[in-house]
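Following: one structure in structure tokens, then a few remarks.
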Amino acid sequence: SLGRVDVDHAITRKMQLIAEAEQLKPAFMKEVDSHFTEFVNSLVAKSALLDSSSSASLFPASCSEKELHKAKTLRAPPEHGKIFTARRSLLDELFEVSHIRTIYHMFIALLIVFILSTLLVDFIDEGRLVLGFDLLVFVFGKFPVVFCTWLCMFCATVIVPYNLFVWWAQGYCSSSHRVIRSLFYQTAGLGLGPTYIAVSYALPPASRFIVILEQVRLVMKAHSFVRENVPRVLSSVKDKSSTVPIPKISQYLYFLFAPTLIYRDNYPRNPVIRWGYVATKFAQVLGSLFYAYYIFVRLCIPLFRNSSQETFNLRGLVLCIFNSILPVHCWLNAFAEMLRFADRMFYKDWWNSTSYANYYRTWNVVVHDWLYYYAYRDFLWFFGKKFKAAAMLSVFTVSAAVHEYVLSICFGYFYPVLFCLFMCFGMVFNFILNDRRKGPIWNVIMWTSLFLGQGVIICLYSQEWYARQYCPMENPTFLDYIKPRSWSCHMKM
């Protein structure tokens, strides 16, 4: 009897210890992961200091002390910047967990339900299966023009910035001002050309998005290439080196296709290409496209087509916003796999953010890195570290202006809803919902504001689109282009 009691007590104690260990396990693993990450980052940073440029060309002549002083003052102090390491995409790791993979399967099932619903409704209305995709055909129209425009943009981005940089680097002392001016004018030409094509050829919305987003991406790539390599040339001038580091054209070409906006001569690479993985990612991109198609066809277009024929009123706006709250990085992963690009940290766990500051840093790491290193840090270097708030405001302004430029060109009208949300609510939430906010309630508040903001954007831009279709103007003035048509358009059924 006493032995049985001792065994029961031992088993109970063992279960308690196991339960306590399970409770301590997450905190322990988090602590180990934190220290291990710091150790690896420190190791990578130290090894990066030992890297030297492998490609170099002869420096034509030595510069005067005046030129050396000017070179020193024209650039920011040397910084290591972003460190690229081989790491997997966060969602790829999460999808190995069966519970997360089940949620992904639920979204696939929902897409199938959308397809079946559309087919059944069309069969009931038309008496036959309607398999046409009129909306997709329309928005992706004039594809030959899009392809030719992209090809010209890409060739110009390869030829102009690279050759002008090489010309400047090889003759820095004698031709710096002339080459920099030429680079500026050529970049301006690259910026205006695609915009002119998109407007003059009246490209449909999705085709315009392809052209304009590629324009923005290539301009950011060219800026990163120049910004990262100019300090290297100036350092060689300062050190009176007989060689100047100039990247190979193959390195620049790889960077133009790589899923990053930060230039490096070399990136960590995977040993092989998993073509099955590439096919899966492209299939997911195609599935996301059809997901958006069915959401718009079944839920958005019927709502906005009717609401845009009514007089603008607050009640209709509120109902439209709440009806527009719909759930919204396969492309980057696919290209990363084909290029054997090993650093897949394109995003972090933004869905767990309890502050907008953390959300802005994690939801699009590729763009955030560019803004942080070339907008925020360069601003602080130029004006001083005391102006951090002004630097943050400048980053928000640049980001909001570029987003509004893209939407204005692609939709064909100026309606700065996104700009106002970005500069007003985005800035306010960035300071109010900061990194000091912790706890689940702040995550709920952040998600609520994201849903509301998405609803406002979809609602107002869609209303304006249909208002301009229903209420065209024969001889519009400049004010007619910037005045919202949805505020005054009214058509009776």
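Structure values in brief
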| quantity | calculated |
| --- | --- |
| Residue list for region 223-259, restricted to those being open to solvent by less than 40 Å² (accessible area, probe 1.4 Å), within 22 Å of Pro194 (Cβ to Cβ) and at pLDDT 90 or above | Ser224, Phe225, Tyr252, Phe255, Leu256, Ala258, Pro259 |
| Of residues in region 134-146 being open to solvent by 90 Å² or more (accessible area, probe 1.4 Å) and under 22 Å from Phe290 (Cβ atoms), the one farthest from the chain's Cα centre (by Cα) | Asp134 |
| Per-region count, region 403-420, residues surrounded by 19 or more Cβ atoms within 10 Å (Cβ to Cβ) and hydrophobic (A, V, I, L, M, F, W, C) | 5 |
| Subset of region 184-202 that is at pLDDT below 65 and aromatic (Phe, Trp, Tyr) - its residue that is nearest to Trp168 (Cα to Cα) | Phe184 |
| Flag if Leu326 is modelled with pLDDT of 85 or more and open to solvent by less than 40 Å² (accessible area, probe 1.4 Å) | no |
| Residue that is in contact with a helix residue (DSSP H, G or I) (Cβ under 8 Å, 6 or more places away or on another chain), open to solvent by 60 Å² or more (accessible area, probe 1.4 Å) and either not assigned by the TED database to the domain that holds Val146 or not hydroxyl-bearing (Ser, Thr, Tyr) (or both), where the choices are Arg264, Arg208, Arg298, Arg269 | Arg298 |
| Those residues of region 455-465 which are open to solvent by less than 40 Å² (accessible area, probe 1.4 Å) and of a type outside the set (D, E, K, R), in sequence order | Gly455, Val456, Ile458, Cys459, Leu460, Tyr461, Ser462, Gln463 |
| Breaking point among (1) more than 25 Å from the chain's Cα centre (by Cα); (2) under 30 Å from Met220 (Cα atoms), for Phe451 | (1) |
| Tally, over region 351-392, of residues that are under 16 Å from the mean Cα position of the chain (by Cα) and acidic (Asp, Glu) | 1 |
| Residue count for region 152-183, restricted to those that are more than 18 Å from Lys221 (Cα to Cα), at pLDDT 80 or above and open to solvent by 30 Å² or more (accessible area, probe 1.4 Å) | 1 |
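The values are calculated or read from the model by the stated rules, or taken from the named source; none is laboratory data. Worth saying up front: this structure is predicted, and the values here are computed from it rather than measured. Neighbour counts run over all protein chains shown; Cβ positions are idealised from the backbone, glycine included. To get the accessible areas, we keep the full protein, side chains included, count just its heavy atoms, and leave off ligands, DNA and RNA. Shrake-Rupley method; radii C 1.70, N 1.55, O 1.52, S 1.80 Å.
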